[in-house]
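Trainee: So that we are looking at the same thing, I have put the structure below in structure tokens.
The values are calculated or read from the model by the stated rules, or taken from the named source; none is laboratory data. All of these numbers come straight from a predicted model, not from anything done at the bench. Quick reminder, even Gly has a Cβ in these numbers, built from the backbone with ideal geometry, and neighbours come from all protein chains shown. Remember, those area values only see protein heavy atoms, side chains included, never the ligands or the DNA or RNA. Shrake-Rupley method; radii C 1.70, N 1.55, O 1.52, S 1.80 Å.
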Amino acid sequence: MSLAITVNGARHQVDASPETPLLYVLRDNLGLNGPKYGCGLGQCGACTVQLDGKAIFACVTPVGAVGDRPVRTVEGLGSSDRMSPLQQAFRDEQAAQCGYCIAGMIMRAQALLDADPHPTEQKIRAHMQTNLCRCGTHMRILRAIRRVAGIAGDGAAA
């Protein structure tokens, strides 16, 4: 079945069943390798993308549920030549160790910052809680988000 989907600002026709996980369409049909397959159960966050500005788990979201709402992946934020401020902060803070979770972490954090450019420390921690980093770089990830949000390490305004 042919479905229309908008990803990173471009409209695509994909040959997929409506029940196919969005993650598979992004990776297999569109060749986007930012979103990763982690657990396949929506419990780790490696597959996190944005759907209409909200962070979602692409591994448990059927492509048929996307409809006309825009999908954004880490590839839609910037490139290695022209990083978004959040991508640059993740780089500057050396937030990636193995890097597997980072695209999902960035997409979840970007959804928060788009909705609230200056969230509190508590809001950042609560929002990021669903994404896991098995390497243990959570503190560097939080520092990168705080850098872009303009708050110091203790949650005070920078």
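Trainee: Express in Å², to the nearest 10, the accessible area of H138 obtained by rolling a 1.4 Å probe over the protein heavy atoms while all chains stay in place.
Mentor: Counting only protein heavy atoms, the figure is 70 Å².
Trainee: Could you work out the longest stretch of the chain that avoids the trypsin sites (Lys or Arg not before Pro) located in DSSP loops with at most 15 other Cβ atoms within 10 Å?
Mentor: The answer is 1-81.
Trainee: Here's another thing I want to ask about it. Once the cut-off is 25 Å, how many percent of the Cα-Cα pairs in the chain end up in the long-distance tail?
Mentor: 28
Trainee: Evaluate the relative contact order of the chain (contact order divided by residue number), counting alpha-carbon pairs under 8 angstrom at least 6 apart; express in whole percent.
Mentor: 22
Trainee: Let me ask another. Subtract the Cα-Cα distance of S2 and V60 from 0.36 nm times their separation in residues, and report this length gain in nm to one decimal.
Mentor: 18.9 nm
Trainee: Which length gain, in nm to one decimal place, applies between D114 and A126 when the Cα-Cα distance is subtracted from 0.36 nm times their residue separation?
Mentor: Here the segment from D114 to A126 would lengthen by 2.7 nm.
Trainee: Between C135 and C98, what is 0.36 nm times their sequence separation minus the Cα-Cα distance? Round to one decimal in nm. Before the final figure, lay out each step's value.
Mentor: On the way: separation 37, 0.36 × 37 = 13.32 nm, distance 0.70 nm.
That pair, C135 and C98, stretches by 12.6 nm at full extension.
Trainee: Could I ask something else about it? At 7 Å along the Cα-to-beta-carbon direction for both A10 and R69, put a label point, then send me their distance in nm to one decimal.
Mentor: That separation, rounded to one decimal, is 2.3 nm.
Trainee: Can you pull the one-decimal nm distance between simple spin-label points at R91 and A152, each 7 Å off the Cα toward Cβ?
Mentor: Roughly 2.8 nm, to one decimal.
Trainee: Let me check something: with ligands and nucleic acids excluded, how do C133, C98 order by accessible area (1.4 Å probe), largest to smallest? Let's see the in-between values first.
Mentor: Details: C133 15, C98 95 Å².
Largest accessible area first, the residues go C98, C133.
Trainee: May I ask for the distance between the Cα centers of segment 11-56 and segment 84-158, given as a whole number of Å?
Mentor: A separation of 21 Å, based on Cα centres.
Trainee: Rank these by accessible area, largest first, 1.4 Å probe: V25, V60.
Mentor: Reading off the accessible areas and sorting them downward yields V60, V25.
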